[in-house]
Amino acid sequence: MLDPLPPLSLYVHLPWCEKKCPYCDFNSHPLRQALPEKDYATALLRDLESVAQLAGDRVLCSVFFGGGTPSLFPAQTIAAVLESAHTLIGLADGAEITLEANPGSADEARFAAYRSAGVNRLSLGLQSFSDPQLKALGRIHNADQARQAVITARDAGFEKINIDLMHGLPDQSMSAAAHDIESAIAFSPEHLSLYQLTIEPNTRFAADPPALPDEESCWQIRCAVEERAADAGYERYEVSAFSERGSRCRHNLNYWKFGDYIGIGAGAHSKITDRQGIWRCAREKHPRRYIETTATKQSPPSLQSVSGSALAFEFALNALRLKEGFTVALFEQRTGLSWESLSGTLAEAEERGLLKVNTDRVCATPLGYRFLDDLVELFLPVSA
């Protein structure tokens, strides 16, 4: 029996962007005509009503508006979703409410309206403070707009700001990467998300790859960027996440600790635990079809069970991203599996120097953290 049930979050997917970035493999779509804001908002509210029962007796510890570019939507849409979430499920006191925003849609009145709607954490997708790098990434904003976006967010009253920054960019030098991290730190954001650019399948970069720094240069750049963040007082608590004390992203922590989440919006996924087991479901991926199907069908989504070795792999895939790893108690509580079921995998990972296993905690070694994909692969279910 899985008891107590894990914390519950809500993810809201807003899938449109002004332009699709060449590196992006998310379910995002360039706007080719007017934003169907009212139709999509109606679909979100109907979707939320159909899945609210999955929460059971739990309230939401966090809400995350992701995309796409959520800041293309007016504050009224954000407020309507939050009001519905509060009515149908409930929001915990002090719940973290995050909205992703891009500099191209930064405006103080708009940001202030999001704040009034209930958003208390803003995540800014800046990626770089260099005009040439932003151009190479296909971004629609420039370096001045990136800087102004952070200033605008502060002026609008946001006390929790995350800055997304990429490194290992096309033809990026060590000095250019240093300029980016110094520029970000100068604004004293509460949180930094530091990602290395990777070429993902089915993207424009995959079809026409840019000239990236070689593997050794990328590693040196990554180490330098992360070291500078640490020197500035940011604690690395996950592969790409750095925060000031008390400012970790609670929504993402719930994912990494194998908590539950309800996803609404085009392509959104849900993971739900009940007394019988763990279940997953996904919504219609294409925005237009999502609007159409949600308008005509309000029944709960079809749930698929996750169990056995697949469950252990999913847990490891998330929890090993955390610098502190996970405890025996958390593994057993969140999966319903016995600790002994991992004994062979843990022994092999420890023998390879990828994992450190104590009596009550497991975490990746520095080597395992560098080659995390190889470590997590050891937890894959064995084919029959």
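The values are calculated or read from the model by the stated rules, or taken from the named source; none is laboratory data. Quantities reported herein were computed from a predicted structural model and do not represent experimental measurements. For neighbour counting, all protein chains shown are included, and Cβ atoms are generated from backbone atoms with ideal geometry for every residue, glycine included.
Does HIS179 satisfy the condition of being within 26 Å of LEU320 (Cβ to Cβ) and modelled with pLDDT of 95 or more?
Against the criterion (within 26 Å of LEU320 (Cβ to Cβ) and modelled with pLDDT of 95 or more), HIS179 does not qualify.
Select from the stretch 233-284 the residues that are of a type in the set (A, V, I, L, M, F, W, C) and either out of contact with any His (no Cβ under 8 Å at 6 or more places or on another chain) or without any contact (Cβ under 8 Å) to a residue 12 or more places away in the chain (or both) and list them in ascending order.
VAL239, LEU253, TRP256, PHE258, ILE262, ILE272, ILE278, TRP279
Only residues that are outside the structural domain of VAL357 (by TED's automatic domain parsing), touching an Asp or Glu at 6+ places or on another chain (Cβ under 6 Å) and of a type in the set (D, E, K, R): list them for the stretch 281-322, please.
Passing the criteria: none in range.
Against the conditions (1) touching a helix residue (DSSP H, G or I) at 6+ places or on another chain (Cβ under 9 Å); (2) farther than 26 Å from ILE97 by Cβ; (3) assigned to a loop (DSSP other than H, G, I, E, B), where does ASP180 fall short? Just the number, please.
(3)
Those residues that are within 21 Å of the chain's Cα centre (by Cα) and within 19 Å of GLU215 (Cα to Cα), I need them from the stretch 166-194; list them, please.
Matches in the stretch 166-194: MET166, HIS167, GLY168, LEU169, LEU194.
Would you pick out the residues in the stretch 196-206 that are under 12 Å from CYS24 (Cβ atoms) and either among the hydrophobic types (A, V, I, L, M, F, W, C) or surrounded by 13 or more Cβ atoms within 10 Å (Cβ to Cβ) (or both)?
LEU197, THR198, ILE199, THR203, ARG204, PHE205, ALA206
Name the one entry in SER128, SER116, SER84 that is modelled with pLDDT of 95 or more and touching an Asp or Glu at 6+ places or on another chain (Cβ under 7 Å).
Answer to the check: SER128.
Considering only residues of the stretch 202-247 that are farther than 24 Å from PHE158 by Cβ and among the hydroxyl-bearing types (Ser, Thr, Tyr), which is nearest to the chain's Cα centre (by Cα)?
Checking each candidate, the answer is THR203.
Out of (1) farther than 26 Å from THR327 by Cβ; (2) crowded, with 20+ Cβ neighbours inside 10 Å; (3) of a type outside the set (Gly, Ala, Ser); (4) modelled with pLDDT of 95 or more, what's the single condition that is false for THR294?
The failed condition is (4).
Does GLU227 count as surrounded by fewer than 19 Cβ atoms within 10 Å (Cβ to Cβ), assigned by TED's automatic domain parsing to the domain that holds ARG248 and closer than 26 Å to ARG250 by Cα?
Yes, satisfied.
Pick from the stretch 350-368 the residues that are assigned to a strand (DSSP E or B), among the aliphatic types (A, V, I, L, M) and more than 24 Å from the chain's Cα centre (by Cα): which of them is nearest to ALA329 (Cα to Cα)?
VAL357
Out of the residues in the stretch 369-383 meeting the condition of being hydrophobic (A, V, I, L, M, F, W, C) and in a helix (DSSP H, G or I), tell me which one is farthest from ALA310 (Cα to Cα).
Going through the qualifying residues, I end up with LEU372.
For HIS13, are the conditions met, namely being modelled with pLDDT of 95 or more and either part of a helix (DSSP H, G or I) or over 30 Å from PRO210 (Cβ atoms) (or both)?
The answer is no for HIS13.
SER302 - would you say it is of a type outside the set (D, E, K, R), surrounded by fewer than 16 Cβ atoms within 10 Å (Cβ to Cβ), without any contact (Cβ under 8 Å) to a residue 24 or more places away in the chain and assigned to a helix (DSSP H, G or I)?
Taking the combined requirement at face value, the residue does not satisfy it.
Checking ASP171 against (1) acidic (Asp, Glu); (2) farther than 20 Å from ARG228 by Cβ; (3) touching a strand residue (DSSP E or B) at 6+ places or on another chain (Cβ under 9 Å), which single condition isn't satisfied?
(3)
Any residue at all in the stretch 338-349 that's over 30 Å from ALA41 (Cα atoms), assigned to a strand (DSSP E or B) and modelled with pLDDT of 90 or more?
Scanning the stretch 338-349 turns up no residue that is over 30 Å from ALA41 (Cα atoms), assigned to a strand (DSSP E or B) and modelled with pLDDT of 90 or more.
Please determine, by comparing only the residues of the stretch 119-147 that are closer than 30 Å to LEU91 by Cα and of a type in the set (S, T, N, Q), which one is farthest from the chain's Cα centre (by Cα).
That would be ASN120.
Where residues in the stretch 239-280 are part of a helix (DSSP H, G or I) and touching an Asp or Glu at 6+ places or on another chain (Cβ under 9 Å), which of them is nearest to PHE326 (Cα to Cα)?
Taking the candidates together, the pick is TRP256.
Of all residues in the stretch 21-44, which are among the aliphatic types (A, V, I, L, M) and either surrounded by fewer than 15 Cβ atoms within 10 Å (Cβ to Cβ) or more than 22 Å from the chain's Cα centre (by Cα) (or both)?
LEU31, ALA34, LEU35, ALA43
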